Amino acid sequence: MTLPAQSEQLPTQTTQTSAQLSYRHAFMLVLKRDLTIAMRHKDDIINPLLFFVIVITLFPLGIGPEAKTLSRIAPGIIWVAALLATLLSLDRLFKSDHLDGSLEQMLLSPHPIFILVLAKIFAHWLITGLPLILIAPLLAVLLHLDKNSYTALLLTLLLGTPVLSLLGAIGVALTVGIKKGGVLLSLLILPLYIPVLIFATSAIDTAALGLPYSGQLAIIAALFFGSLTLAPFAVGAALKVSTN
Amino acid sequence: MWKFLHPYANPETTYHFTNKLLPWLIALAALFLSIGLVWALLFAPADYQQGDSFRIFYVHVPAASLSMGIYVSMAIAALSSLVWQLKLADASAAAMAPVGAAFTAIALITGAAWGKPMWGTWWIWDARLTSELILLFLYLGVIALHNAFEDKNLAGKAAGILTLVGVINIPIIKYSVDWWNTLHQGSTVSKIGKPSMSLDMLWPFIFSFLGFSFLVGVIICLRFRNEILARNSIRPWVRELVEKSVVK
């Protein structure tokens with residue numbers, strides 16, 4: 001019964017192949033587009049980074065310059081600042097696309113929304129998460145982070161910041177249609193960031209004591225893969241609601 | 001098997017069903033709450049260690065467990081709204097969220113009031129307290145998201161997605177907080193647990209727990225009716241209801 005219908009569809013499909021993209025191609029296209037846009041608005045890359053640096057320099061000023069105290073609280077400060085910097089940068093993930101209508105076109109396109117959303121989130125991580133990781137060791141020096149902890153800091157940031165982008169994307173997708181979404185976004189997202197914060201800082205603390213921290217890393221990796229597979233679905237559903 | 005539920009997809013039928021349900025819920029809540037609370041506060045024996053201050057237990061524990069129970073039922077409503085596109089499920093989730101937030105707040109406040117005489121401090125960063133606080137934040141997030149949308153249908157869907165994301169996260173948050181607590185400080189005073197209770201303390205607890213559960217039922221039922229009316233205000237049957245009540 002279904003066979004003739006399929007054979008009827010086949011020729012139309014072959015004529016459309018030039019217009020149709022493979023998943024990988026679609027992913028790369030969206031990624032390239034987002035990176036190009038980001039490169040043309042360099043402020044968007046630099047400002048969250050500056051925020052990260054300034055917040056971290058505020059803490060020694062507020063708490064006092066003793067190296068002992070600073071090295072004790074350094075993991076927490078760096079991670080909280082990273083959470084806030086990510087939160088600050090999330091807004092542009094879908095906002096401009098929503099305003100100029102390209103988001104709706106993406107939802108209408110024949111490609112699975114999962115792929116497109118994943119590409120956008122990956123671009124967001126490349127623009128905000130990666131610079132954060134690169135600059136973090138420098139700030140760790142300022143905060144007298146324990147020598148043993150540098151690898152742990154970098155590894156937790158490497159596994160943890162993608163989780164921040166993925167979970168944050170859910171919040172942005174839910175609030176993209178709302179005019180004053182900024183404050184609301186932090187209310188929605190920050191509670192969800194708590195597990196990453198807890199395990200990342202405890203990994204760094206454990207590393208400072210010279211103990212193995214692979215357990216914490218494994219849990220952050222589990223959070224990463226869990227959110228990698230589930231979050232894009234939630235983002236897709238949320239975008240459909242937001243664009244109505 | 002689920003066919004008996006089908007008529008309740010119609011708002012009017014459900015509205016009249018809540019009409020019938022409400023008196024029963026009110027009666028049961030009044031009965032159980034009055035028996036349970038009077039028994040618990042006046043007649044149950046005082047704890048040999050904590051004295052009379054343990055009696056706040058009879059409000060604190062029902063509020064805490066109901067705060068979690070309401071979130072789970074909210075998530076079930078959100079799921080059925082997303083999967084089967086039931087608009088009434090949205091309305092029920094919207095009705096439940098503030099009640100859940102209120103009970104979470106009650107659990108936190110009574111917990112603080114209990115903690116002051118027992119632990120000597122209003123607040124400690126105990127795993128249970130922390131995860132209850134985070135639950136309150138999740139509730140407030142859902143409510144804030146719901147209020148941010150003009151269109152109530154969209155608001156329900158968006159809040160539903162957030163509720164489901166939250167319900168996946170609650171166990172993760174719970175375990176991470178447990179873990180964090182054991183890492184950062186040894187259990188100093190948090191070893192309160194649930195004392196194995198004697199029966200004359202347990203019975204008033206069961207009564208007051210049922211009483212609070214029925215009270216939640218009453219409040220949610222009232223809010224649910226209001227939601228139905230607000231969302232269907234253009235429908236003729238709502239207008240008829242209004243006209244009838246005005247003529248009276």
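The values are calculated or read from the model by the stated rules, or taken from the named source; none is laboratory data. Keep in mind it's a predicted model, so treat the numbers as computed, not measured. We place every Cβ from the backbone using ideal geometry, glycine too, and count neighbours over all the protein chains shown. Surface accessibility is based on the protein's heavy atoms, side chains included, excluding ligands, DNA and RNA. Shrake-Rupley method; radii C 1.70, N 1.55, O 1.52, S 1.80 Å.
For region A:233-244, a residue qualifies if it is surrounded by fewer than 24 Cβ atoms within 10 Å (Cβ to Cβ) and more than 9 Å from chain B (Cβ to nearest Cβ), and the qualifying residues are A:233, A:236, A:243.
Scanning region B:216-240 for residues that are farther than 30 Å from residue B:33 by Cβ and touching a residue at least 40 places away in the same chain (Cβ under 8 Å) returns B:231, B:232, B:235, B:237. Within region B:137-154, the set of residues being facing chain A (nearest Cβ under 9 Å) and either open to solvent by less than 50 Å² (accessible area, probe 1.4 Å) or under 19 Å from residue B:107 (Cα atoms) (or both) comprises B:137, B:138, B:140, B:141, B:142, B:144, B:145, B:148, B:149, B:154.
Criterion applied to B:95, B:112, B:91, B:107 was being out of contact with any helix residue (DSSP H, G or I) (no Cβ under 7 Å at 6 or more places or on another chain), away from every other protein chain (no Cβ under 14 Å) and farther than 25 Å from residue A:235 by Cβ, and the one residue passing it is B:112.
In the list B:113, B:91, B:64, B:78, which residue meets the criterion of being at pLDDT 90 or above and in a helix (DSSP H, G or I)? Can you show your working first?
Working: B:113 fails: at pLDDT 90 or above; B:91 fails: at pLDDT 90 or above; B:64 fails: at pLDDT 90 or above.
Selected residue: B:78, the only one of B:113, B:91, B:64, B:78 that is at pLDDT 90 or above and in a helix (DSSP H, G or I).
If the condition is being closer than 16 Å to residue A:80 by Cα and either touching a strand residue (DSSP E or B) at 6+ places or on another chain (Cβ under 8 Å) or surrounded by fewer than 22 Cβ atoms within 10 Å (Cβ to Cβ) (or both), then region A:169-190 contributes A:186, A:187, A:190.
Check every one of the helices (runs of 4 or more DSSP H) wholly within region A:92-144 and list those with 3 or more residues that are of a type in the set (D, E, K, R). Write out each step before concluding.
Values: elements: A:95-100, A:102-108, A:113-124, A:130-142.
Result: A:95-100.
Among all positions in region B:163-185, there is no residue which is farther than 29 Å from residue A:229 by Cα, crowded, with 18+ Cβ neighbours inside 10 Å, of a type in the set (Val, Ile, Thr) and at pLDDT 85 or above. When residue A:223 is tested against (1) away from chain B (no Cβ under 12 Å); (2) open to solvent by 10 Å² or more (accessible area, probe 1.4 Å), just one condition goes unmet, and that condition is (1).
Looking at the structure I just gave you, is residue A:166 in a helix (DSSP H, G or I), over 16 Å from the mean Cα position of the chain (by Cα) and surrounded by 24 or more Cβ atoms within 10 Å (Cβ to Cβ)? Answer is no for this residue. State whether the residues of region B:79-87 include one that is more than 20 Å from residue B:210 (Cα to Cα), aliphatic (A, V, I, L, M) and out of contact with any Ser or Thr (no Cβ under 9 Å at 6 or more places or on another chain). Taking every residue of region B:79-87 in turn, at least one turns out to be more than 20 Å from residue B:210 (Cα to Cα), aliphatic (A, V, I, L, M) and out of contact with any Ser or Thr (no Cβ under 9 Å at 6 or more places or on another chain).
If the requirement is being in contact (Cβ under 8 Å) with a residue 40 or more places away in the chain and on the phi < 0 side of the Ramachandran plot, which of these qualifies: B:166, B:141?
On the way: B:141 fails: in contact (Cβ under 8 Å) with a residue 40 or more places away in the chain.
Selected residue: B:166, the only one of B:166, B:141 that is in contact (Cβ under 8 Å) with a residue 40 or more places away in the chain and on the phi < 0 side of the Ramachandran plot.
Among the residues of region A:141-155, is any closer than 30 Å to residue A:109 by Cα and open to solvent by less than 30 Å² (accessible area, probe 1.4 Å)? So far as region A:141-155 goes, no, none of its residues is closer than 30 Å to residue A:109 by Cα and open to solvent by less than 30 Å² (accessible area, probe 1.4 Å).
Of all the listed residues (A:94, A:114), the sole one being farther than 30 Å from residue A:149 by Cβ and either crowded, with 23+ Cβ neighbours inside 10 Å or without any contact (Cβ under 8 Å) to a residue 24 or more places away in the chain (or both) is A:94.
The residue pairs whose first member lies in region A:176-195 and is within 7 Å of another protein chain (Cβ to nearest Cβ) and in a helix (DSSP H, G or I), whose second member is of a type in the set (Gly, Ala, Ser) and surrounded by fewer than 18 Cβ atoms within 10 Å (Cβ to Cβ), and whose beta carbons are closer than 8 Å, counting only pairs six or more residues apart or on different chains, are A:184/B:144; A:187/B:144; A:188/B:144. Taking the residues in region B:22-52 that are surrounded by 15 or more Cβ atoms within 10 Å (Cβ to Cβ) and small (Gly, Ala, Ser) as candidates, determine which candidate is farthest from residue B:216 (Cα to Cα). Applying the filter and picking the extreme gives B:44.
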